[in-house]
Amino acid sequence: KAGVTQTPRYLIKTRGQQVTLSCSPISGHRSVSWYQQTPGQGLQFLFEYFSETQRNKGNFPGRFSGRQFSNSRSEMNVSTLELGDSALYLCASSLVSRAVGNEQYFGPGTRLTVT
Amino acid sequence: QKEVEQNSGPLSVPEGAIASLNCTYSDRVSQSFFWYRQYSGKSPELIMSIYSNGDKEDGRFTAQLNKASQYVSLLIRDSQPSDSATYLCAVTGNQFYFGTGTSLTVIP
């Protein structure tokens, strides 16, 4: 079974621009979560989508948004990029949401650099 | 107070020794507990999950859970240089809460 895929793998953007990242979960998984990982802050939860609905949202500004499609693929968008948005963005999929046994499996990540 | 606390290390053990990684969590209603391994420049990889009190063994890895003490640990027996990585503890409530990770170095 194919794993979680993320595109693009690397991205360089300029301050003020916007960016869209894509995630395709493991086949059959309906929950997709997004995380930001930086050396200083570790893994920070952005949001979770389940069956096209946002189930939970972390403490990030409104510049960070996401959505999920009917095939469970998800996108996240960051508008008006800031230097501090440079990070590894990770997508994780799980079969279900908020249930015992909801193991999350991570994709390879998108490395975003903002200059 | 953070939801999940881990000793950031670094933890160094000689090859063949037992590495012990510890994690405490604050939410008493947490139900699922996970250990992830992350190599430098890579994404986290799930290595163990545990849901009930006690020990769970998988090869060289043993996860231990004590809900009364809100404590979960990971033991790596016969540590190998390839085990050198950062180990992340994760706990579920309404969402996944990750610790900041413990860096483990296994010295040949």
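Numbers for the structure displayed
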read-out	value
Number of positions in the stretch A:24-43 that are assigned to a strand (DSSP E or B) and either crowded, with 16+ Cβ neighbours inside 10 Å or in contact with a Pro (Cβ under 8 Å, 6 or more places away or on another chain) (or both)	10
Residues satisfying the stated conditions in the stretch A:11-23, i.e. within 14 Å of the chain's Cα centre (by Cα) and open to solvent by 50 Å² or more (accessible area, probe 1.4 Å)	A:Thr20
The stretch B:11-29, subset more than 14 Å from every other protein chain (Cβ to nearest Cβ) and part of a loop (DSSP other than H, G, I, E, B), residue most open to solvent (accessible area, probe 1.4 Å)	B:Arg28
Every residue from the stretch A:44-56 that is open to solvent by 20 Å² or more (accessible area, probe 1.4 Å) and either assigned to a loop (DSSP other than H, G, I, E, B) or of a type in the set (A, V, I, L, M) (or both)	A:Ser51, A:Glu52
Selection count, the stretch A:97-115, where residues are away from chain B (no Cβ under 11 Å) and either open to solvent by 20 Å² or more (accessible area, probe 1.4 Å) or free of Cβ contacts under 8 Å to residues at least 60 places away in the same chain (or both)	2
One residue from B:Gly54, B:Gly93 being without any contact (Cβ under 8 Å) to a residue 12 or more places away in the chain and either open to solvent by less than 70 Å² (accessible area, probe 1.4 Å) or farther than 30 Å from A:Thr5 by Cβ (or both)	B:Gly54
Residues of the stretch A:57-115 classified as in a strand (DSSP E or B) and of a type in the set (Gly, Ala, Ser), total	7
Pairs, first more than 21 Å from A:Gly107 (Cβ to Cβ) in the stretch A:74-85, second among the aromatic types (Phe, Trp, Tyr) and open to solvent by less than 60 Å² (accessible area, probe 1.4 Å), C-beta under 9 Å, six or more apart	A:Ser79/A:Phe64
Criterion violated by B:Phe61 - all others in (1) away from chain A (no Cβ under 14 Å); (2) open to solvent by less than 60 Å² (accessible area, probe 1.4 Å); (3) modelled with pLDDT under 95 satisfied	(3)
Condition met for B:Ser73 (surrounded by 21 or more Cβ atoms within 10 Å (Cβ to Cβ), at pLDDT 95 or above, over 23 Å from A:Val32 (Cβ atoms) and among the polar types (S, T, N, Q))	no
Qualifying residue in the stretch B:30-45 (condition: open to solvent by 40 Å² or more (accessible area, probe 1.4 Å), part of a strand (DSSP E or B) and under 20 Å from A:Ser94 (Cα atoms))	yes
Selection status of B:Tyr39, at negative phi and within 11 Å of chain A (Cβ to nearest Cβ)	no
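Let's see how each residue does on (1) under 24 Å from A:Glu103 (Cβ atoms); (2) at pLDDT below 95; (3) in contact with a strand residue (DSSP E or B) (Cβ under 8 Å, 6 or more places away or on another chain):
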position	(1), (2), (3)
A:Cys23	yes, no, yes
A:His29	yes, yes, yes
A:Gln37	yes, no, yes
A:Gly40	no, yes, no
A:Leu43	yes, yes, yes
A:Ser51	yes, yes, yes
A:Lys57	yes, yes, yes
A:Pro61	no, no, no
A:Gly66	yes, no, yes
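The values are calculated or read from the model by the stated rules, or taken from the named source; none is laboratory data. Since we're looking at a predicted model, the values are computed, not measured. No Cβ is skipped: glycine too gets one built from the backbone with ideal geometry, and neighbour counts run over all protein chains shown. Please note that ligands, DNA and RNA were not included when accessible areas were found on the heavy atoms of the full protein model with its side chains. Shrake-Rupley method; radii C 1.70, N 1.55, O 1.52, S 1.80 Å.
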